[in-house]
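To start, the structure itself, in structure tokens.
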Amino acid sequence: MKIAIKNPVRRRWGKREKYELQAYIMLMPQIIGFLLFSIYPMIWAITKSWYFYNGISSDTRFVGWENFIRLFSDGEYWQTLANTFLFAIMKIPIELPIALLLAVLLNQKLKGTGFFRTMFYLPHIVSTAIIALVFANIFNYFGVINALMQKIGILEQPVDWFGTKMKAMWVLVIADTWKSFGVNVLYFLAAMQNIPEDVYDACKIDGAGKFTVFFKVTLPLMAPVLQVILMLSIIGTLQTNELVLVLTNGAPGGSTYTVMSYIFQKYAPGLADVGVNVGYGCAMALVTGLILATITLSYQRYSQKLNDIY
Amino acid sequence: MKKRKKFLSLVILSVVTTSLFTGCGNSKNNADVQTLQVWSHNSHSKMVMSELIDKWNTDEGAKLGVKIEYTVKESEIQQAVEMAFASNQEPDMFTSCNVKKYSDSGDIVPLSTLPGGEEFIKKYTDLGIDLSGAAFSSSDGEVYCVPFSINTFGLVYNKDMFKKYGIVDENGEPTPPKTFEEVREYAKIMTNESEQDYGIIFPMKWSSFYSTDIGQLAWGSAGRGAYDCVTGTYDFSVYKPIYEMYIGIKNDNSCFPMTESLDNDAARAYFAERNIGMKFAGSYDVGVLNDQFPAKCDWGVAPYPVADENNAYLQWMGMGGYFAMSQSAVEKVGAEKAFEVFKFLHSDEILQELYKRGLNLPYDYSIVENVKMDKEINGWKEFAELAKISTNGYTSANVEITGEKKDADVFKEDVWMGTKSVDEAIDELNERYNRGLKVYFENNPDEDINKYINPQWSSVRNGE
């Protein structure tokens, strides 16, 4: 009778290696995709930032820091960056409180909460272009909003919602809030449901009212999640692109372009005018990326307190 | 049972063997016929082109041993072609070619190198067509593309509205505006908010708005665009009366609302559906206003208005290059056969059929002068006849103004929005473009500015 002698150490390493190999194989498509479709284009775009590049090889030439120097005197670019911040300042203080309020309501043990949770999330899975087209029609001069407001006597004449910068910005804010509040409701709900029940039981025993419980217990215990939600909201808002391109395309007079939509519209090959200096657009994208990264890092650093509450 | 099985096996074996031989026979035939891939961006003429190409494939193509596989790339053909070249799957012939780019890389064939190429080019130059522009030639003067169809432009006007507001002659026929001042005046007369009547509509969100509704108007009015080929400099003062007409109409509130957020499809649909007096349009709008959004009103076509009707010039028409031939076409079937396909794609036969169906106007009106239309198409003949008072002008010298606003942006963002006066905008553009001109030629010493200078240029409109 043969007795199989197994080396326990060797067997353990073999299994581990097998698991690791499996893990890498499963990760591979994602990693390859990330390298090919994110890292490679990023490196390509970064290198082109120091060139005059319009897609024609004989026209391409190294221009050193010229694109970057020119960028600092390009008022249109800085205007679109300022628009982006204005858009964020207008949208985030509306979007997050609405999402928080709805999350509090959905967190009650009431009938039909599942239905509303799904309904609120639905806009998030609808294509941004479709949402933009829907809102363009709703706020059309002959659209439903003007008709409704005229019917109930708020307006005498229809309003051209895209006739001035601020009106068009509000339409963008409403459309973008409608698209993204649902996902924040889910984040807030998840955060609330992680708070242990016994904390609320203790509050009840102490005789704390609903508002006191919300502001002194629920909100502080949600603070670490709030930090992440706020960060995602800031990043998402600063990157707003398709919505602007389809809904206003910068109208009126280019005044509603956010920085991403501006770069895309004016410098993306295929969309921009033939012969445009794509290298300058790459420099613009690089500087914008650095600005947004600085904002995100600063936010993470200065919002650290939200993590330290409890 | 065994016999039955044997019989069945024999039947199956014979069927399989026969089909295999049939396959061999087909592949032998296919091997004799080489397929050329032809890509076009013209979706509007896809059906007719496919019919004509199918016919050619069965007749001349079969004799030559060449088959055309015609594909319409609905949008972004330039990107599709670029990707195809990058992966060595380029089409053998394609439209919307960036001649400079592909001639630099040696990917396309100069027509003069093809057998009979010189005579083919001469056919166009004999008509007075200037093939030295970037749409047709490389910087060394080699011709890669020739024109095929043209787009003429003008003002479409709602005859019912003109009659309603009494803008008619002594016979009661509508009288479309001839000058920019009249456009403003008539737009004001026809605007009546309470009845939702509007004088004119501008699709300012449309990417070609500035060229179609502003830039091109300057040619008929001043005989040139912003670039003056006589002096070799940029002079935007030709746009002044046009900018002033726009600002006047804005101040009068006599244009359709939502100007800033309208693209051309929406504007055409509104013109077709609502009471709108006028719209600048191109010959490509005929199909739209007859079939896509059939207009509810009786509409007519007039030439572009000008600043001074007693001092009019030839107005603008679009005449770009058509197909370019890739080196792959010559490698696959040889220069002679490839050029036969190229000539067929540019043939009078195709132009006449496309004209008859109301799809394309030919580069030379005489090709279709005697062609009888299948049916009367409203506006088609009027747009075709505008070719007689039109020119495709000359090529403007390039400028390098990276990081600064182009004229279209200055108009939309500053002039229209009221942050700059017309004069300020024109001064700014003159300074910027002439500086950009200098920078471009400093950075491209191989390019000769004299190529863009023609002191003899004149396009005075005769007989008008």
Within the range B:190-213, residues away from chain A (no Cβ under 14 Å) and more than 18 Å from B:Cys297 (Cα to Cα) come out as B:Thr212, B:Asp213
Okay, helices (runs of 4 or more DSSP H) sitting entirely in the range A:49-142 with 1 or more residues that are within 13 Å of another protein chain (Cβ to nearest Cβ) and either in contact (Cβ under 8 Å) with a residue 60 or more places away in the chain or in contact with a strand residue (DSSP E or B) (Cβ under 7 Å, 6 or more places away or on another chain) (or both), I get A:66-72, A:75-106, A:128-138
Selection over the range B:172-231 where residues are surrounded by fewer than 19 Cβ atoms within 10 Å (Cβ to Cβ) and among the polar types (S, T, N, Q) yields a count of 9
- Does A:Trp178 meet the test of being within 21 Å of A:Ala103 (Cβ to Cβ) and either of a type outside the set (Asp, Glu) or part of a helix (DSSP H, G or I) (or both)? yes
Assess whether B:Lys159 counts as being farther than 15 Å from B:Trp299 by Cβ, modelled with pLDDT of 95 or more and either more than 29 Å from the chain's Cα centre (by Cα) or surrounded by 15 or more Cβ atoms within 10 Å (Cβ to Cβ) (or both). no
Selection from the range B:388-421 of residues more than 7 Å from chain A (Cβ to nearest Cβ), without any contact (Cβ under 8 Å) to a residue 60 or more places away in the chain and not in a loop (DSSP other than H, G, I, E, B) yields B:Lys388, B:Val410, B:Asp414
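Conditions tested, residue by residue: (1) in a loop (DSSP other than H, G, I, E, B); (2) at pLDDT 95 or above.
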| position | (1), (2) |
| --- | --- |
| B:Phe202 | yes, yes |
| B:Trp206 | yes, no |
| B:Thr212 | no, no |
| B:Ala218 | no, yes |
| B:Thr231 | yes, yes |
| B:Ile242 | no, yes |
| B:Gly248 | no, yes |
| B:Asn251 | no, yes |
Subset of the range B:211-233, residues in contact with an Asp or Glu (Cβ under 7 Å, 6 or more places away or on another chain) and in contact (Cβ under 8 Å) with a residue 60 or more places away in the chain, comes to B:Ala226
Condition first: more than 14 Å from chain B (Cβ to nearest Cβ) and in a loop (DSSP other than H, G, I, E, B). Can you find one or more residues in the range A:6-19 that meet it? yes
Meets criteria (within 12 Å of another protein chain (Cβ to nearest Cβ), crowded, with 21+ Cβ neighbours inside 10 Å, in a helix (DSSP H, G or I) and among the β-branched types (Val, Ile, Thr)) for B:Val341:
no
Within the range B:88-102, the residues that are within 14 Å of chain A (Cβ to nearest Cβ) and either surrounded by fewer than 23 Cβ atoms within 10 Å (Cβ to Cβ) or among the aromatic types (Phe, Trp, Tyr) (or both) are B:Ser96, B:Asn98, B:Val99, B:Lys100, B:Tyr102
Only one of (1) surrounded by 24 or more Cβ atoms within 10 Å (Cβ to Cβ); (2) within 22 Å of the chain's Cα centre (by Cα); (3) more than 30 Å from B:Asn434 (Cβ to Cβ) does not apply to B:Pro305, and that is (3)
When restricted to B:Asn430, B:Asn370, B:Asn378, the only residue modelled with pLDDT of 95 or more, of a type in the set (S, T, N, Q) and either assigned to a loop (DSSP other than H, G, I, E, B) or crowded, with 16+ Cβ neighbours inside 10 Å (or both) is B:Asn430
With the first residue restricted to the range B:145-163 and required to be in a helix (DSSP H, G or I), and the second required to be crowded, with 24+ Cβ neighbours inside 10 Å and among the small types (Gly, Ala, Ser), Cβ contacts under 9 Å at 6 or more apart or on different chains are B:Met161/B:Gly199; B:Met161/B:Gly277; B:Phe162/B:Gly277
Picking from A:Leu189, A:Leu230, the residue that is touching a residue at least 12 places away in the same chain (Cβ under 8 Å), surrounded by 16 or more Cβ atoms within 10 Å (Cβ to Cβ) and within 19 Å of A:Asp308 (Cα to Cα) would be A:Leu230
Q) Just a yes or no: is a residue in the range A:143-160 more than 12 Å from chain B (Cβ to nearest Cβ), touching a residue at least 24 places away in the same chain (Cβ under 8 Å), outside any helix (DSSP H, G or I) and exposed (fewer than 14 other Cβ atoms within 10 Å of the Cβ)? A) no
Here the residues within the range B:251-261 that are at the interface with another protein chain (Cβ under 9 Å from one of its Cβ atoms) and touching a residue at least 24 places away in the same chain (Cβ under 8 Å) are B:Phe256, B:Pro257, B:Thr259, B:Glu260, B:Ser261
Here, helices (runs of 4 or more DSSP H) confined to the range A:196-310 with at least 3 residues that are within 28 Å of A:Arg70 (Cα to Cα) and over 17 Å from the mean Cα position of the chain (by Cα) are A:259-267, A:278-302
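The values are calculated or read from the model by the stated rules, or taken from the named source; none is laboratory data. The shown structure was predicted, so the numbers you read here are calculated from the model rather than taken from an experiment. Here Cβ is always computed from backbone atoms with ideal geometry, including for glycine, and neighbour counts include all displayed protein chains.
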